[in-house]
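Undergrad: Dumping the structure here so I can ask a few things about it.
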Amino acid sequence: MMKPFKAGITGTGSILPEKKLTNSQLESIVETSDEWIVKRTGIRERHILEDDVPLAKIAAEASVKAIEDAGLNPVDIELIIASTCTPDYLTPSLACTVQGEIGAKNAAAFDVNAACTGFVYALQTGRQFIENGTCKNILIVSAEALSRATDFTDRKTCVLFGDGAGAVILSKVDDGTGVEEACLGAVGDNADVLTLPCLYASDADIEKRNEGKKQVLWMDGSEVFTFASRIMSEATKNVLDSAGNEMGQIKYIFPHQANMRILQNAAKRLDVSMDKIYSNLEYTGNISSASIPVCLDEASKKGLLKKGDKIIMVAFGGGLTYGSALLTWSK
Ligand code: UT7
């Protein structure tokens, strides 16, 4: 039976910092080449937060844009869920800082961290508050400053990551649109293939890193690549099946933007054309949990999404985590 109301995306906003880091600039930092980076990842440039700008600033700016896009005021927001694995502070949470910055004084606020899958985890969490009648309007903001957790002497990771923020408003909608299904998962016994220590680091994690660089991201790229190539198509199929939909009904897939070859592998396994797979990786790099909401905002502003279009969002990331969601566009 169709639910009387659902949680729909009614507004989007995003910010990519102005400062850019191009492949040719990276050539003078580590032993790499534009050719290698483009061929092996599809990335040409990424946006980087200035040193004196807190992540919360771009998170708040993206949030204000999303609230305006939904035709709401900050005081209409009843809950803020922020996803990040690179917060300015452990406490206050990013969500609380955003709440204060934008004047969303009626909102409760908390963070989730599921690394690059954070937006899908936050969406599935927020959806519950709408569907059980607790909230009518929720702000989900995913913001990341990966450049601050990058070892710029490690060519295996420093060419991949960038900074950015994306936000959506999840509102109670009763027109048949909104989130239909979402699937979340984790593989904690593979946790050590992608790590970013905070207040503690194991001896093994200290050993892996260049000396003196404890609080930087370390990754076994090929292990993550293998996991991603499999899970992106599996998680997409799972959510499609749970919603009782066929791929032909889906307008776009919005995947986490990590590597163009991962997107191509997923397209191949799903037997869909790359035209159906939205990508901005070329000029954002991997911005972790911010990548899907930034893509959604771009696609919405470009007029690629119309009310009633079905889309799938699918992500994987540190943890390891993965998740997918299928929704009908509400705007
Ligand atoms: O959001 C989730 C987080 N992460 C990901 O999704 C990343 C998933 N993994 C990947 O995207 C890929 O594994 C990488 C892009 C990280 C690496 O690509 P790869 O094709 O798997 O390369 P590789 O690690 O197998 O390395 C191949 C070669 C190595 O040289 P040797 O040992 O064969 O001589 C590397 O040292 O490429 C070398 N290499 C580089 N060369 C130039 C690695 N990084 C670079 C670089 N420039 N930046």
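The values are calculated or read from the model by the stated rules, or taken from the named source; none is laboratory data. Computed from a predicted model, the values in this text were never measured in an experiment. Virtual Cβ from ideal backbone geometry, glycine too; neighbours counted across all protein chains shown. Side chains are part of the model used for accessible areas, which takes the heavy atoms of the whole protein and leaves out ligands, DNA and RNA. Shrake-Rupley method; radii C 1.70, N 1.55, O 1.52, S 1.80 Å.
Undergrad: Specify the residue that is farthest from the ligand (Cβ to nearest atom); the eligible residues are those in region 261-296 that are in contact with a Gly (Cβ under 6 Å, 6 or more places away or on another chain) and of a type in the set (S, T, N, Q).
TA: Among them, the one singled out is 284.
Undergrad: Right, another one. Give the residues of region 68-85 that are surrounded by fewer than 17 Cβ atoms within 10 Å (Cβ to Cβ) and outside any loop (DSSP other than H, G, I, E, B), sorted by residue number. Even if it seems obvious, please write down each step before you answer.
TA: Filtering region 68-85 for residues surrounded by fewer than 17 Cβ atoms within 10 Å (Cβ to Cβ) gives 68, 71, 73, 75.
Passing the criteria: 68, 75.
Undergrad: Condition check: within 14 Å of the ligand (Cβ to nearest atom) and surrounded by fewer than 23 Cβ atoms within 10 Å (Cβ to Cβ). Does residue 318 satisfy that? Quick ask: steps written out before the conclusion?
TA: Details: within 14 Å of the ligand (Cβ to nearest atom): yes; surrounded by fewer than 23 Cβ atoms within 10 Å (Cβ to Cβ): yes.
Judged against the criteria, residue 318 is a match.
Undergrad: Output the qualifying pairs, or none if there are none: Cβ atoms under 7 angstrom, residues six or more apart or on different chains, first residue in region 39-68 and acidic (Asp, Glu), second residue surrounded by fewer than 19 Cβ atoms within 10 Å (Cβ to Cβ).
TA: So the pair list comes out as 45/20; 45/22; 45/283; 50/19.
Undergrad: Of a type outside the set (S, T, N, Q) and either open to solvent by 30 Å² or more (accessible area, probe 1.4 Å) or touching a His at 6+ places or on another chain (Cβ under 7 Å) (or both): does that describe residue 151? Before the answer, list the steps.
TA: Working: of a type outside the set (S, T, N, Q): yes; either open to solvent by 30 Å² or more (accessible area, probe 1.4 Å) or touching a His at 6+ places or on another chain (Cβ under 7 Å) (or both): no.
No.
Undergrad: Which of the residues spanning region 41-56 are within 21 Å of the chain's Cα centre (by Cα) and not hydrophobic (A, V, I, L, M, F, W, C)?
TA: First, pick out the residues of region 41-56 that are within 21 Å of the chain's Cα centre (by Cα): 41-50, 53-56.
Matches in region 41-56: 41, 42, 44, 45, 46, 47, 50, 54.
Undergrad: Which pairs turn up if I take residues in region 139-160 that are closer than 16 Å to residue 211 by Cα and not assigned by TED's automatic domain parsing to the domain that holds residue 287 and look for partners that are open to solvent by less than 10 Å² (accessible area, probe 1.4 Å) and hydroxyl-bearing (Ser, Thr, Tyr) with beta carbon separation below 7 Å, at least 6 apart in sequence or on another chain?
TA: Every condition considered, the pairs that remain are 150/157; 151/157.
Undergrad: Report, by residue number, each residue of region 148-167 that is in a helix (DSSP H, G or I) and either closer than 11 Å to residue 284 by Cβ or within 11 Å of the ligand (Cβ to nearest atom) (or both).
TA: First pass over region 148-167, keeping only residues in a helix (DSSP H, G or I): 148-149, 155-158.
Answer for region 148-167, where residues must be in a helix (DSSP H, G or I) and either closer than 11 Å to residue 284 by Cβ or within 11 Å of the ligand (Cβ to nearest atom) (or both): 155, 156, 157, 158.
Undergrad: For residue 258, which of the numbered conditions (1) small (Gly, Ala, Ser); (2) more than 16 Å from the ligand (Cβ to nearest atom); (3) under 18 Å from the mean Cα position of the chain (by Cα) fails to hold?
TA: (2)
Undergrad: Would you be able to tell me the number of residues in region 23-39 that are open to solvent by 90 Å² or more (accessible area, probe 1.4 Å), near the ligand (Cβ under 7 Å from one of its atoms) and within 21 Å of residue 261 (Cα to Cα)? Step through it out loud before you land on a result.
TA: Just the residues of region 23-39 that are open to solvent by 90 Å² or more (accessible area, probe 1.4 Å), to begin with: 28, 31, 35-36, 39.
Imposing the further condition that a residue be near the ligand (Cβ under 7 Å from one of its atoms) reduces the set to 31, 36.
In the following step, the residues that additionally are within 21 Å of residue 261 (Cα to Cα) were identified as 36.
Adding up the residues that qualify gives 1.
Undergrad: To continue, here is another question. For residues in region 125-178 being among the aliphatic types (A, V, I, L, M) and touching a Pro at 6+ places or on another chain (Cβ under 9 Å), which is farthest from residue 40 (Cα to Cα)?
TA: The extreme case among them is 139.
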